[in-house]
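Undergrad: Supplied in structure tokens, the structure appears directly below.
FYI, it's all coordinate maths here, none of it is from the lab. A quick note: this is a predicted structure, and the numbers were derived from the prediction, not measured. Heads up, the Cβs are rebuilt from the backbone with ideal geometry, glycines too, and the neighbour counts pull from every protein chain shown.
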Amino acid sequence: MNIDLTYWYLFPVGLVIATLAMSAGISGANFWIPAYLICVKLDPLVTFWLALITMLFGFGSGVVRNIYQGTVNWYLIRQYLIPTVPGAVIGALLTSYVNGEILVFIFGSFILLYGSYMLKSCISSPKEQVRHNKVFWGIGFLAGFLKGLIATGLGKLIVPGMWNHEKVRHPSEVIGSAIIIIFIVNVVAALTRMNRDFVGVLMDNTDTLSSVLVFVVPSVVIGGQVGPRVIKDVSAAHLKVYISVLLIFVSLLIFSRLLF
């Protein structure tokens, strides 16, 4: 195994990505997928899998930090794992039958539409927020399905339904709980993708993947500790604007890669 030092730049990039992902409570794959596609120039299917693996280290660190500072809601975590896990299994199994470039297009389109919708809702006249006790099972299944298929979509879909749940005491609990759910579903999605043919593709890219992870793993572990601290005292309204702008930016990176 040969380590390629030209990927050193992924360490500072990883610090930024992990901090952004942890502070926003959304999948780090939103940022790693364009980084791996555009900078490292990996095959799309390998890119989606590597994004899931990368997130395990960053979100694992974030899980520890959020549990330590008490910004989690175990009730919501248990409830949303019920629909998201089987959804992720089905989505991951389908990746064997879909062209990688199509998955990239679906990924870019999804985060552009969702980011734009969220930004519009943030700048329009605010509606009265009503507390509820609902668990959105259908949305949870769709969120898990998208995580398995395109390595993202989970946090973006389940977080809005969690904001005003009557068991949530502070917005930081929503983010902390989403991070734990994303981590667990990530493990499921990554393992489900490991069929015989795909393992062969990974073996052919062993040197590149090893070189990338040498720099990425420590950066996302550090970022996973920083992100939860960043978000601890941020208001819910400001956080939603922050997330939407990040998603639109990432979608533009993806489409620039497809067009040029």
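Undergrad: Using only alpha carbon pairs under 8 Å that are at least six residues apart, calculate the relative contact order of the stretch 1-89 and give it in whole percent.
TA: 19
Undergrad: Could you order the peptides 145-155, 70-80 from most to least packed, using the average number of other C-beta atoms within 10 Å per residue?
TA: Descending mean neighbour count gives 145-155, 70-80.
Undergrad: Taking the chain as the reference, fit the longest principal axis to its C-alpha atoms, fit the long axis of helix 236-259 to the helix C-alpha atoms, and give the angle between the two in degrees, 0 to 90, nearest 10.
TA: So the helix axis and the longest Cα principal axis differ by about 30 degrees.
Undergrad: Ok, one more. Pairs of alpha-carbon atoms within less than 8 angstrom and 6+ residues apart define the contacts here; what relative contact order does the chain have, in percent?
TA: Relative contact order comes out at 41 percent.
Undergrad: Next question, about the same structure. For a footprinting-style exposure proxy, rank 41, 240 by other Cβ within 10 Å, fewest first.
TA: Ranked by crowding around the Cβ, least crowded first: 41, 240.
Undergrad: Residue by residue through the stretch 73-78, what is 3J(HN,Hα) from phi via Karplus (6.51 cos²θ - 1.76 cosθ + 1.60, θ = phi - 60°)? Round to whole Hz and write x for glycine and proline.
TA: Using θ = phi - 60°, the values come out as 10, 5, 4, 5, 4, 4 Hz.
Undergrad: Can you give the calculated 222 nm mean residue ellipticity of the chain, where each DSSP H run of n ≥ 4 adds -39,500 (n - 2.57) and the sum is split over every residue, rounded to the nearest 500 deg cm²/dmol?
TA: Value at 222 nm, helices only: -25500 deg cm²/dmol.
Undergrad: Among residues other than residue 44 whose Cβ falls under 12 Å from its Cβ, what is the net charge (Lys/Arg +1, Asp/Glu -1)?
TA: Here the count lands on 0.
Undergrad: When ranked by the protection proxy of mean other Cβ atoms within 10 Å per residue, highest first, what sequence do the peptides 85-91, 53-59 form?
TA: 53-59, 85-91
Undergrad: Once phi is turned into θ = phi - 60°, what whole-Hz ³J(HN,Hα) does the Karplus curve with 6.51, -1.76 and 1.60 give for every residue of the stretch 107-120, x standing for Gly and Pro?
TA: Result, ordered by residue: 4, x, 5, 4, 6, 5, 5, 5, x, 5, 4, 5, 5, 4 Hz.
Undergrad: Would you list 166, 173 from fewest to most Cβ contacts within 10 Å?
TA: The order, fewest Cβ neighbours first, is 166, 173.
Undergrad: Could you check the simple spin-label distance between residue 137 and residue 194, using points 7 Å along Cα→Cβ, in nm with one decimal?
TA: Each label point lies 7 Å from its Cα, and together they span 3.1 nm.
Undergrad: Kindly write out, for the stretch 196-206 in residue order, the coupling ³J(HN,Hα) from the Karplus curve 6.51 cos²θ - 1.76 cosθ + 1.60 (θ = phi - 60°), rounded to whole Hz, with x marking Gly and Pro.
TA: Going residue by residue, I get 4, 5, 5, 4, x, 5, 5, 5, 5, 10, 4 Hz, with x marking Gly and Pro.
Undergrad: Let me know the charge dipole size of the chain about its Cα centre in debye, to the nearest 20, where only the beta-carbon of Lys, Arg (+1) and Asp, Glu (-1) is charged.
TA: Result for the chain is approximately 800 debye, rounded to the nearest 20.
Undergrad: Just going by the charge dipole of the chain, with Lys and Arg at +1 and Asp and Glu at -1 on Cβ, which of 177, 50, 225 is farthest out on the positive end?
TA: 177
Undergrad: Give the Kirkwood hydrodynamic radius (Å, one decimal) of the stretch 5-259, defined as one over the mean of 1/r across all pairs of different Cα atoms.
TA: Value: 18.0 Å, from the Cα pair sum.
Undergrad: Please order 97, 9, 36 by the number of other Cβ within 10 Å, starting at the fewest.
TA: 97, 9, 36
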